[in-house]
Every structure is written in structure tokens, then in C-alpha cells.
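Visitor: Below is a structure I'd like to ask you about.
The values are calculated or read from the model by the stated rules, or taken from the named source; none is laboratory data. Since the model is a prediction, treat every value here as computed from it, not as a measurement. Neighbour counts run over all protein chains shown; Cβ positions are idealised from the backbone, glycine included. When the accessible area is computed, the model is the full protein with side chains, heavy atoms only, and any ligands, DNA or RNA have been set aside. Shrake-Rupley method; radii C 1.70, N 1.55, O 1.52, S 1.80 Å.
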Amino acid sequence: MIHNPNREERDSRNVLIKTFGCQMNKLDSELVFGSLIKEGYTLVTDEESADIILFNTCSVRQKAEDKVYSHLGKLRKYKEERPGMVIGVMGCMAQNEGEKILKRMPHVNLICGTRMFSRLPELLDEVNGSKRHILAIDDDATVDFDRSVAQRPNRFHAFVSIMRGCDNYCSYCIVPYVRGREFSRPREDIVNEVKGLADDGCKEVTLLGQNVNSYGKGLGGNGHFSKLLRQLDRIVGIERIRFVTSHPKDMSQDILEAVGELPTVCENLHMPAQSGSDRVLERMRRRYTSTHYRGLIEMAKTLVPDITIAGDFIVGFSGETDEDFLDTENLMRDVRYQNCFIFKYSPRTGTDAEKFVDDVEEETKKRRNHRLLELQEEISTEENSKRIGKSLEVLVEGTSKTDNQKLTGRTRQNHIVVFDFPESGYPVFPRTNGQAGDPSLYIGKLVNVTIEDATDVTLYGSMDSG
Ligand code: 5AD
Ligand code: SF4
């Protein structure tokens, strides 16, 4: 038989997916993994053995897009050596940049927008082994939420999409343009998926949406998100429910009451303020004031004892003065966040803020970014230190990356904990017949850990025995 390298490459179906950006992208990659496995593809984790490399991308800041271009550039030579391989760009940047990617990176074969993921197997069949370029970006295509519960990277945790898109059009943000209009998934579908996950051994779910608090908008009536939480709380087997992201304009008392009352809903909110200055918030079109935001934080702390808050801030937004920045520093100091993500403003083409001048110097953006990081580090260290001496419930995720003799997991309040486990004695809840001292016995279990030390990002301790 004549050896035909092209044919060999057409038949091989090893896929690598590299994910950039937010949790929504991680979930999309998981869903794409699932659909490709069904079609007989094999997933690999290294470039050398991949016949198809897909980049699931982010457009929220210029830096995120630059990073993907730089990765794609590095693959040019690789592709020359293996002309049969397929390189694809999917997700937000595919939607945003479209044909521009093909012009800049002609070795890319496939561009697949945010609403075309369900067609990926078909598109790959079309492109596989051929020299064709395919551009699949359809603004009107519907999003498929379907997932096979069994195909997920983590046995004990799963992301669950409850809505797609965003209707808020914050003036700086590209998400509504690349992800499309807000659309809530029917409640029964979400409940059925979480039931399926619970039956398959999943203990913790994180509900995902750009603005989960407005879940169900357009369906008539109020309180859809709190009703959803109440229904999911009753599913046997699910021990913890988390949700991201909360938008302050749609956060309400009924949601915070549900967080406070429901045993499975974790005491942690990710509720970005973006700025502490009303002038800046107005230009950002966030539709709340810092007073309203502070009121919500107070309500959350009253209704949910021991709640931790995570936030996002953008520094150096167009027109931000030293005084505006001081308002942000003050807000950060008053809320006492557990952790914050801080970003330098990056103008995005097509957004409303593009018409404002990007007038804050890069040096000033850097300085403000640094100042907020420094302040947050101080607050996080102080807040985390308050946990020393306490015994906290931890869902064990695995062994620590830096020391495989230690375990790692998260508290309900979303602290990362690294801890020792007993060499002998009973593994705690639920007791198993396995040998104590084997770390794998604890993975996916709830254990109690007494905290002995803390940094700004990690708590350290020892597992309580018996
Ligand atoms: N520049 C900088 N940060 C941004 N974000 C969104 N758009 C931009 C932008 N143009 C940040 C916001 C948001 C997070 C996901 O990214 O803080 O909450
Ligand atoms: Fe972007 Fe605002 Fe929508 Fe969040 S709520 S995705 S910041 S437009």
C-alpha cells in the first residue's frame, strides 16, 4: 500500500482545545469537548499529538486578543511542517475579529463564532485535511445548552449555564456584541441537568450567566432567580451551589434572603462594582450609584452572616480623575472584599465608550492598578487571618500542586485551603473502608479543616480527625 501522509492526517482526530478568558468559556470548551468525543474525536493535552488545535478565545480586553494572536503566530511554522493539521479559532474573538484573523494568520483554517459551537463537528468534517478556510459566524443562530452530564473534567464540580448573552451594554464592554442578546434557559432544563449531575456524583454546581440576577427576565413575574435557587436547593446529592456573576442593578432582597436561608447556597457573592465614583459609573452606564451598591453590601452582610464578597474594578476608564479613583479606593476599603479582579481600561471597538477619549495615561493606569492590588492584598490578608483557629468545611478538590502530601479545596466562602490530612485514623465524612492516609480517599468529600495560617490568597491548616 502506498503511504499517503495527507490521508493519514485526515483520518487522525486528536483535538486540543486551549481556553482563554472567563468561566463561561471554560464551560463552552467542556460542551465542545463533549460533542467532539461523541463524534469519535480523542482529546489531547499537548500540541505535539494534536491534529486539530482549537483556541476558545476572549475579547474583553485588547491584551486577551493579542495573546491569542501571539499563540497563533507561534503555530505558523508548526503548520508548515504538518500541512494537514487544522487550526481553529472559536468564541468571542472569532465573533469579533472574524475574517481579520484569516487575513493576519492565513494558516488558520476555521473561525467559529459564539453561536456556532453546536455545528463544530460538522465544520471540522468540512475542513479536516483540506486547505479550505471556513468562516462560521452567524449572529442569529441559536445557542445550544445541551450537555452530556457524564463528560466533564471534574467529577465533583460542574459549571451550569443558566442564561446566555447580555443586554446591559455597559459602555466599555464588548460582551453584548460578541455574545448576543440575553436569553434565559428554561427552569426545568436547568433543574433536570443539575439532577443528572447529582445522580452522576457531582456535589457542587456553579450557575453561570453574565448577569444571573436578571435570570428569567421577559418570562413575566418576579423572583425567577431566587425561585431557581430554591428549586435547585432541594436536589438530593448537591451539597453546594454557587453563582456568578451578580449585577448590582438587578440584585434584590429575595435573592439575598435565598442565599441566607438555603443550606446548599454558598455564602459568597461575586458582585463587581467597577468603580466607586458615581460620575464614572454613570459614564460606564452601570445604572446604579455607589450608595446603592453600598446598601446592597450592607443588606448582604445582614441577611447572610459570614458572607464573602468578590469584585471587579476597572481603573483608568475615560475621564477618571484622582478624585474618582479615591472614591474607588474608599469603596474597596469599606466593602472589605475577599478578593478583587482589577483591570486597566482597554477601549474596545464598537462599544459606546469608544467615542470617549482614552485619556488616562498608561502610567497612571498602571499606578492605580498597582495601588488597588496593594490595598486588596492588605484587606485579604487581614480578613483571611480572622479565620485562624476556626474549623471550616472544605470540599476537597485534590492534592496541592506544590506539595502532593497536602490536600487542597475550597470553603463555602470560596477561600482556597491547603491542608495536612491524617496519616492514620478515620477519614472523615463519609467514612470509607479504604486506608486512611491515601489522599485520593478524600477527593470530592466534605471535611473540616482547622485553619493555622493565612496569606492574602490561601488558608493553611490541618484536617480535623474523626
Ligand atoms: N477594559 C477593561 N476591563 C474590562 N472589563 C470588561 N470590559 C473591559 C474593558 N473594556 C472587565 C470588567 C468585567 C470583567 C469581566 O472584565 O471588570 O467585570
Ligand atoms: Fe459586560 Fe456589563 Fe454585560 Fe457584564 S453586565 S457582560 S460588564 S455589558
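Per-residue answers, yes or no, for (1) modelled with pLDDT of 95 or more; (2) among the polar types (S, T, N, Q); (3) away from ligand 2 (no atom under 16 Å from the Cβ):
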position	(1), (2), (3)
Gly295	yes, no, yes
Val304	yes, no, yes
Phe313	yes, no, no
Ser318	yes, yes, no
Leu326	yes, no, yes
Arg333	yes, no, yes
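Listed here are the residues, each with its yes/no results for (1) out of contact with any Phe, Trp or Tyr (no Cβ under 7 Å at 6 or more places or on another chain); (2) closer than 24 Å to Arg240 by Cα.
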site: Asn339; (1), (2): yes, yes
site: Ser346; (1), (2): yes, no
site: Thr351; (1), (2): no, no
site: Phe356; (1), (2): yes, no
site: Thr364; (1), (2): yes, no
site: Leu372; (1), (2): no, no
site: Asn384; (1), (2): yes, yes
site: Leu392; (1), (2): yes, yes
site: Pro422; (1), (2): yes, no
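Visitor: Looking at (1) out of contact with any Pro (no Cβ under 8 Å at 6 or more places or on another chain); (2) within 16 Å of ligand 1 (Cβ to nearest atom); (3) closer than 17 Å to Phe341 by Cα, which one does Met271 not meet, given that it meets all the others?
Guide: (1)
Visitor: While we're here: Taking the condition open to solvent by less than 60 Å² (accessible area, probe 1.4 Å) and closer than 30 Å to Asn96 by Cβ, does Arg387 pass?
Guide: No: the conditions fail for Arg387.
Visitor: I need the full set of residues from region 315-364 which are more than 21 Å from Cys166 (Cβ to Cβ), part of a loop (DSSP other than H, G, I, E, B) and either open to solvent by less than 20 Å² (accessible area, probe 1.4 Å) or out of contact with any Ser or Thr (no Cβ under 7 Å at 6 or more places or on another chain) (or both), in order please.
Guide: The answer is Gly316, Gly319, Glu320, Thr321, Arg336, Tyr337, Val360, Glu361.
Visitor: Also: Within region 50-69, can you find the residues that are over 19 Å from the mean Cα position of the chain (by Cα) and open to solvent by less than 40 Å² (accessible area, probe 1.4 Å)?
Guide: Passing the criteria: Ala50, Asp51, Ile52, Ile53, Tyr69.
Visitor: Of everything in region 260-298, what is of a type in the set (Ser, Thr, Tyr), surrounded by fewer than 20 Cβ atoms within 10 Å (Cβ to Cβ) and over 30 Å from Glu393 (Cα atoms)? Give them in sequence order.
Guide: Within region 260-298, Tyr288, Thr289, Thr291 qualify.
Visitor: Applying the selection to region 235-268, what residues are outside any strand (DSSP E or B), under 18 Å from the mean Cα position of the chain (by Cα) and within 16 Å of ligand 1 (Cβ to nearest atom)?
Guide: Thr245, Ser246, His247
Visitor: When the residues of region 21-40 are narrowed to those that are open to solvent by less than 60 Å² (accessible area, probe 1.4 Å) and without any contact (Cβ under 8 Å) to a residue 60 or more places away in the chain, which ends up nearest to the chain's Cα centre (by Cα)?
Guide: Only one residue fits best here, namely Ser29.
Visitor: Restricting attention to helices (runs of 4 or more DSSP H) lying wholly within region 116-221, give those where 3 or more residues are open to solvent by 50 Å² or more (accessible area, probe 1.4 Å).
Guide: Ranges flagged: 120-127, 187-199.
Visitor: Still on this model: When only residues in region 152-194 that are within 11 Å of ligand 2 (Cβ to nearest atom) and among the polar types (S, T, N, Q) count, which is nearest to Asp250 (Cα to Cα)?
Guide: Taking the candidates together, the pick is Asn168.
Visitor: Sticking with this one: Could you list, in sequence order, the residues of region 453-462 that are part of a strand (DSSP E or B) and loosely packed, with under 14 Cβ neighbours inside 10 Å?
Guide: Asp453
Visitor: Another question about this same structure. For region 55-76, how many residues meet the condition of being outside any helix (DSSP H, G or I) and free of Cβ contacts under 8 Å to residues at least 60 places away in the same chain?
Guide: Residues in region 55-76 being outside any helix (DSSP H, G or I) and free of Cβ contacts under 8 Å to residues at least 60 places away in the same chain: 4 in total.
Visitor: Starting from region 194-212, keep only residues that are without any contact (Cβ under 8 Å) to a residue 40 or more places away in the chain, then list their pairs with residues that are hydroxyl-bearing (Ser, Thr, Tyr) whose Cβ atoms are within a distance under 8 Å, requiring at least 6 positions of separation or different chains.
Guide: none
Visitor: Still on this structure: Within region 133-150, identify whether any single residue is within 15 Å of ligand 2 (Cβ to nearest atom), more than 15 Å from the chain's Cα centre (by Cα) and not β-branched (Val, Ile, Thr), and answer yes or no.
Guide: no
Visitor: Scan region 11-18 and tell me whether some residue there is exposed (fewer than 13 other Cβ atoms within 10 Å of the Cβ) and at pLDDT below 95.
Guide: Yes, there is a match, as at least one residue in region 11-18 is exposed (fewer than 13 other Cβ atoms within 10 Å of the Cβ) and at pLDDT below 95.
Visitor: Name the residue, out of Val194, Val205, Val212, that is in contact with a helix residue (DSSP H, G or I) (Cβ under 9 Å, 6 or more places away or on another chain) and either within 16 Å of ligand 1 (Cβ to nearest atom) or not assigned by TED's automatic domain parsing to the domain that holds Asp254 (or both).
Guide: Residue meeting the stated conditions: Val212.
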